[in-house]
Amino acid sequence: MTSSYPSLALHVAGQWTDHTSGGSRPVVNPATAMELGLLPLAGLAELAAAAESAQRGYLAWRRVRPHERYVILRRAADLLRQRVDAVATVLTLEQGKPLSEARREVTLSADIIDFQAEEAKRLYGRAVAPRVEGILSHTVTRVPVGPVAAFTAWNFPVNLPSRKLGSALAAGCSVVIKPAEETPGSCMLLVQCFLDAGVPADAINLVCGDPAQVSSFLIGRPEIAKVSVTGSVAVGKLLGVQAAAHVKRFTGELGGHAPVIVCEDMCEGGAMDFVLRQAVAAKYRNAGQVCASPIRFYVPRAHLGTFSERFSAAAKALRLGPGMDAATQMGPLSHARRIEDMERFVDDAIGLGARLLTGGHRVERPGFFFEPTVFADAPASTRLMQQEPFGPMAVIQPYDTLEGAIGQANALPYALGAYAFTRDLHAAHQLGEGIEAGMVGINHFGVSQPELPFGGHKESGLGQEMGAEGLLHYTEIKTITVGTPF
Ligand code: NAD
């Protein structure tokens, strides 16, 4: 046990509890494989209590005026900033990313909550001119959708819940949040910030349990009006079907397989340095466990050799270690299953003829470490070219024409993040318009910003989070039309 790790509890019906009917499971430090704590799991009794509490919380919170919601949520963001050291430490202990990355995640989460809090004041409606005599007004307004069941992945244990809690609460909804069972501690501390800031205790329930049971039970409950999930495409589809069966609103922030097109004009001298510096940092951030992580690099055929060699050398030079060590550039993968999955990607790619340039192995030390891995010339039939590896793995492919590269970038059913590097204004427009993705970054990887909508096209998702759009997905349109009494 680690003293800086909290004792774990669920927040159900207005209070923290570790007396639950669903048993418990250990939470493990991925840098050491040692247990950090025991997570109590919700059984059906706690899940029902959470849904009922969310309904009470909704009825209370939706009556709070938008300006007051803004004040409370801004206060929550400030508390999160004040507690950055404690929250980031817990995040790194349970998830593995370097402490500096964890700190950035926490402060960015505070900025996301701030932005959504501000947007609470801007939920505008409109007045429509009546077309016939005898009608006084038509008003089109936005109202909160109701209690939300929210499910989040383990790769950004504070950021992902912040997006959902920030937007849903700003809109006037209550939330039952289920963080990933691997990383509940930092989400607990986040929820405490909202409670300390003045969000009614019933407006936020935090549950963990058997994910399939929790999701199907909550989605089927009459109190729950909306489902929001950040996770894999497979789970997104499953929960989307369940939500549709009850005609419940659904937002899915799902997996990606981000392409990067490097244009000819960025392959010489300093320009290639500029691309490589950003590309390697973006690829191995959070050990590649990022939905918008660059995966497929498309490089002009004549430059494939140089680009691949330099990319692989930079990847190989990264310092691996526990996230709590200041010198660490890449931490462990989040759990043991990720290592096994990486090995399956590697075996499949080598078996089908891809060239392994560096890495490809687990690191023999305690914890779940895997080498930064780079492939080149992977056939389209490899798993790596078809499925999100969600780990420290890149593949470098040649292209002959820009149109061809855009075609390859668009070949998969996923379309979340995509990137391109060029100095040519015409090419920048061609790439921005031609690449199918929810977010296209030209000459940088920073597509995830509190002010910008974040979401995928095709199978990568439905709806957006953050930006002005984030809040709207937690509202419904309501029309009120008033006629003269007689
Ligand atoms: P996952 O799909 O296994 O789980 C996501 C969440 O859904 C977890 O809380 C999980 O417990 C829960 N869940 C609910 N019902 C479930 C069920 N029936 N079976 C399994 N889980 C269920 O995803 P993960 O492994 O936690 O996260 C990795 C995935 O998340 C990647 O595909 C990544 O690209 C994606 N992701 C997307 C975004 C985005 O914003 N688009 C951000 C981060 C991660």
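The values are calculated or read from the model by the stated rules, or taken from the named source; none is laboratory data. Everything numeric here is computed off the predicted structure, so don't read it as measured data. Every residue, glycine among them, receives a Cβ derived from its backbone with ideal geometry; neighbour counts consider all protein chains shown.
Points to keep in mind about this one:
Yes or no, residue by residue, for (1) among the β-branched types (V, I, T); (2) more than 13 Å from the ligand (Cβ to nearest atom); (3) surrounded by fewer than 19 Cβ atoms within 10 Å (Cβ to Cβ):
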position	(1), (2), (3)
V176	yes, no, no
I219	yes, no, no
G231	no, no, no
A234	no, no, yes
T251	yes, no, no
A258	no, no, no
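- Consider region 192-217 and keep the residues that are polar (S, T, N, Q) and within 14 Å of the ligand (Cβ to nearest atom). The one that is surrounded by the fewest Cβ atoms within 10 Å (Cβ to Cβ) is S216.
- Annotation note: Cβ proximity below 7 Å between a residue of region 208-227 that is over 19 Å from A171 (Cβ atoms) and a residue that is surrounded by fewer than 16 Cβ atoms within 10 Å (Cβ to Cβ) (sequence gap 6+ or interchain) occurs for F217/L44; I219/H246; G220/H246.
- Enumeration of residues in region 52-75 that are farther than 12 Å from A120 by Cβ and part of a helix (DSSP H, G or I): E52, S53, A54, Q55, R56, G57, Y58, L59, A60, R75
- Screening A315, A243, A282, A287 for residues that are surrounded by 15 or more Cβ atoms within 10 Å (Cβ to Cβ), on the phi > 0 side of the Ramachandran plot and touching a strand residue (DSSP E or B) at 6+ places or on another chain (Cβ under 8 Å) leaves exactly one candidate, A287.
- Qualifying residue in region 157-171 (condition: in a helix (DSSP H, G or I), surrounded by fewer than 24 Cβ atoms within 10 Å (Cβ to Cβ) and more than 15 Å from the ligand (Cβ to nearest atom)): no
- All positions within region 171-219 that are more than 18 Å from Q116 (Cα to Cα) and of a type in the set (A, V, I, L, M): V176, A180, M188, L189, A201, L206, V207, A212, V214, L218, I219
- Whichever residue in region 300-315 is among the aliphatic types (A, V, I, L, M) and over 20 Å from G288 (Cβ atoms) and, among such residues, is nearest to the chain's Cα centre (by Cα): L304
- Residue within region 446-455 that is outside any strand (DSSP E or B), over 27 Å from Y70 (Cβ atoms) and not assigned by TED's automatic domain parsing to the domain that holds Y70 present: no
- Residue within region 220-232 that is part of a helix (DSSP H, G or I) and aliphatic (A, V, I, L, M) present: no
- Any hit, region 120-143, residues being within 16 Å of the ligand (Cβ to nearest atom), among the β-branched types (V, I, T), out of contact with any Lys or Arg (no Cβ under 6 Å at 6 or more places or on another chain) and not in a strand (DSSP E or B): no
- Options P30, P6, P40, P66: the member that is surrounded by 15 or more Cβ atoms within 10 Å (Cβ to Cβ) and over 25 Å from the mean Cα position of the chain (by Cα): P66
- Search result, residues across region 446-462 that are among the small types (G, A, S) and either more than 10 Å from the ligand (Cβ to nearest atom) or without any contact (Cβ under 8 Å) to a residue 12 or more places away in the chain (or both): G446
- For beta carbons closer than 8 Å, sequence separation of 6+ or different chains, a first residue in region 176-199 that is under 23 Å from M34 (Cα atoms) and assigned to a loop (DSSP other than H, G, I, E, B) and a second that is within 15 Å of the ligand (Cβ to nearest atom) and among the charged types (D, E, K, R), the qualifying pairs are E181/R25; E182/E94; T183/E94; P184/E94.
- Checking each residue in region 236-249 for being within 11 Å of the ligand (Cβ to nearest atom) and touching a Lys or Arg at 6+ places or on another chain (Cβ under 9 Å) picks out only Q242.
- The one condition in (1) modelled with pLDDT under 95; (2) part of a strand (DSSP E or B) that T479 fails to fulfil: (1)
- Selected residue (criterion: farthest from E68 (Cα to Cα)) from residues of region 200-219 that are among the hydrophobic types (A, V, I, L, M, F, W, C) and not in a helix (DSSP H, G or I): C208
- In region 392-423, the residues that are part of a loop (DSSP other than H, G, I, E, B) and surrounded by fewer than 24 Cβ atoms within 10 Å (Cβ to Cβ): D400, T401, N410, A411, L412, P413, T422, R423
- Looking across D78, D85, one residue alone is of a type in the set (D, E) and either crowded, with 22+ Cβ neighbours inside 10 Å or closer than 30 Å to P332 by Cβ (or both). It is D85.
- Exactly one residue out of E465, E476, E469, E433 is surrounded by fewer than 16 Cβ atoms within 10 Å (Cβ to Cβ) and under 25 Å from V176 (Cα atoms): that is E476.
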